Amino acid sequence: EAAKFLAEAVTYGTGEEKGKLALEAAQTFVTNGYADIFTLADVALAHGQTPLQVLELQARAYGLQGQQAKMKAIITQLAESEPASAQWFNRHISLLTVGGWPLEAVHLWEQHPEFHSEADPRTIYVVAWAIAERNNLNGALFLVEEQLQNSKLSLQDKALMNEGYGSIMNYQGNYSQAEKSYSEALRLYQDLYQSESTQLSSNRIANVLVN
């Protein structure tokens, strides 16, 4: 509903504000799987939003629609359009995992150790998961355990890392530790849901309960 209201607001906006509304609406549509993403992205680009933001949005939209070839073309364009940086690193790994190329994400991680200290917790989570799927459970555990010791993690990221730790323990057959980690993740997601009432937390609670 929020995306639909934002999309309607775009009609009445002008100038840069119209671009911001269009970009925000398109980002919400990506999350919820609606189809008006590309029209809104074009509006955002025409009204002052940066090409990088719009291209990333379009790549994610193509990925969700299963149009992998178009997504990969944009990922390549994004990778070549700016110098390597921590922001570039996080964005590129996120897009590769969304697109279903976890091995390429791991390869990029291994190529750029200079950005590991600046990696977003969500980047580390998806890389750890991809490493675990390569049967390198110790490598995955190292990344997640290091994050769990990070006192600066947000509530949501702590929950995410506990969820990841539980999944790796489950892979290893350590079901008692997996249950403890899942329980801690669930508690944190419930706290987050109660404090922020975010749909993201609600979805994550469902995922943990399924596991």
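The values are calculated or read from the model by the stated rules, or taken from the named source; none is laboratory data. Just so it is clear, the structure is predicted and the values come from calculations on it, not from any experiment. Cβ placement follows ideal geometry from the backbone for every residue including glycine, while neighbour counts extend to all protein chains displayed. With ligands, DNA and RNA removed, areas are computed over all heavy atoms of the protein, side chains included. Shrake-Rupley method; radii C 1.70, N 1.55, O 1.52, S 1.80 Å.
With the condition kept exactly as written, say whether any residue in the stretch 99-106 is closer than 21 Å to residue 147 by Cβ and either free of Cβ contacts under 8 Å to residues at least 12 places away in the same chain or in contact with a His (Cβ under 9 Å, 6 or more places away or on another chain) (or both).
Yes, the conditions are met somewhere in the stretch 99-106.
Does residue 144 satisfy the criteria of being in contact with a Ser or Thr (Cβ under 6 Å, 6 or more places away or on another chain) and among the hydrophobic types (A, V, I, L, M, F, W, C)?
No; evaluated as a whole, the condition is false for this residue.
Which residues, taken from the stretch 140-187, are farther than 16 Å from residue 120 by Cβ, open to solvent by 20 Å² or more (accessible area, probe 1.4 Å) and not polar (S, T, N, Q)?
Across the stretch 140-187, the qualifying residues are 142, 145, 165, 171, 173, 175, 179, 180, 182, 184, 186, 187.
What number of residues in the stretch 61-84 are surrounded by fewer than 13 Cβ atoms within 10 Å (Cβ to Cβ) and either part of a loop (DSSP other than H, G, I, E, B) or in contact (Cβ under 8 Å) with a residue 60 or more places away in the chain (or both)?
3
If you go through the stretch 153-169 one residue at a time, do you hit one that is more than 24 Å from residue 192 (Cβ to Cβ) and in contact with a Ser or Thr (Cβ under 7 Å, 6 or more places away or on another chain)?
no
Going by what's in this entry, would residue 95 be described as farther than 16 Å from residue 119 by Cα, assigned to a helix (DSSP H, G or I) and open to solvent by less than 20 Å² (accessible area, probe 1.4 Å)?
no
Just one of (1) part of a loop (DSSP other than H, G, I, E, B); (2) among the small types (Gly, Ala, Ser); (3) buried (at least 16 other Cβ atoms within 10 Å of the Cβ) trips up residue 128, so point out which.
Residue 128 satisfies all of (1) part of a loop (DSSP other than H, G, I, E, B); (2) among the small types (Gly, Ala, Ser); (3) buried (at least 16 other Cβ atoms within 10 Å of the Cβ) except (1).
Among the residues in the stretch 66-89, are any under 28 Å from residue 191 (Cβ atoms) and small (Gly, Ala, Ser)?
The answer is no, given that none of the residues of the stretch 66-89 is under 28 Å from residue 191 (Cβ atoms) and small (Gly, Ala, Ser).
Scanning for something of a type in the set (Gly, Ala, Ser) and at pLDDT 80 or above, does the stretch 40-62 turn up at least one residue?
yes
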